[in-house]
Every structure is written in structure tokens, then in C-alpha cells.
Amino acid sequence: MRTLPKPPKTVDLHAEAFVDDFQSYEADELLALSIDRFRECLDSAIYWDFSEIKFIHGKGKGRLREVLYEELRDYKNSGSISSYYPAYHNEDIVVVQIGV
């Protein structure tokens, strides 16, 4: 039986937070790594019955935020999460509500 590791309650999706040699990657590769990390952590949060999880996407050019919100729409449409919205205190963070 496969068990997923318990994710942190807040996940930084900036590549420098989880990729050691992030300078050696192209921007599109870093984006893909960030989205993979997002999926792993959200799937784990769902598995562990978290009520919510937060993802830090930051400002930048907004590409990570854009792709992240596309992914969240898919998760919501599939019924995996109940809602998502920018954190009230910081728009660089998205709050994902998993349970109802």
C-alpha cells in the first residue's frame, strides 16, 4: 500500500525553495517543477484529509500564478477541492479549501 508523505500546511512554489541548483534550469523547466510540486503537495493534502493548504506563488510575471489557477480550476471541476482564493492578507498566496 502506497502512502503519501504529509505535506506542510504552507508550500512555497518558488523553485529556489526546493531545487538546489535552480540557476541551471530554464524558466519553463522551473515552472514545470513548481507545478509538479504543487500537484504532489495538494494530492498529499487531499490524501491526509487536510481542510486547507496554502501555496505561495509570489508576484513575478504571474506565469506561475496563471498556471496554478488553471490547475486549481481542474481540481475544483473534478470535485477534489471545494474552493480556492487569494489569501486576504497576501495576494501572493492562494488558499485551497479541500473539505466542505
- line: Counted residues in region 68-84 being among the hydrophobic types (A, V, I, L, M, F, W, C) and either part of a strand (DSSP E or B) or surrounded by fewer than 17 Cβ atoms within 10 Å (Cβ to Cβ) (or both) come to 0
field: Residue pairs meeting the criteria (Cβ under 7 Å; at least 6 apart or on separate chains; first of a type in the set (Val, Ile, Thr), in region 41-70; second surrounded by 14 or more Cβ atoms within 10 Å (Cβ to Cβ) and in a helix (DSSP H, G or I))
entry: ILE53/CYS41; ILE53/LEU42; ILE53/ALA45; VAL67/LEU31; VAL67/ILE35
- prompt: How many residues are charged (D, E, K, R), in contact with a strand residue (DSSP E or B) (Cβ under 8 Å, 6 or more places away or on another chain) and over 17 Å from ALA17 (Cβ atoms) when one looks only at region 35-76?
  reply: 2
- request: Quick one: which residue in TYR84, TYR47 is aromatic (Phe, Trp, Tyr) and closer than 19 Å to LEU4 by Cα?
  value: TYR47
message: On the basis of being modelled with pLDDT under 95, assigned to a loop (DSSP other than H, G, I, E, B), touching a helix residue (DSSP H, G or I) at 6+ places or on another chain (Cβ under 6 Å) and surrounded by 12 or more Cβ atoms within 10 Å (Cβ to Cβ), does LEU4 make the cut?
response: yes
message: Quick check on region 53-63. Is at least one of its residues in a helix (DSSP H, G or I) and under 14 Å from the mean Cα position of the chain (by Cα)?
response: yes
query: SER34 versus (1) of a type in the set (S, T, N, Q); (2) surrounded by fewer than 17 Cβ atoms within 10 Å (Cβ to Cβ); (3) in a helix (DSSP H, G or I): which is the lone unmet condition?
result: (2)
- request: Count, please, the residues in region 57-92 that happen to be in contact with an Asp or Glu (Cβ under 8 Å, 6 or more places away or on another chain) and modelled with pLDDT of 95 or more.
  value: 0
message: When you scan region 85-92, do you find a residue that is among the acidic types (Asp, Glu) and in a strand (DSSP E or B), even just one?
response: yes
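The values are calculated or read from the model by the stated rules, or taken from the named source; none is laboratory data. Here the structure is a predicted model, which is why all the values come from computation and not from measurement. Every residue, glycine among them, receives a Cβ derived from its backbone with ideal geometry; neighbour counts consider all protein chains shown.
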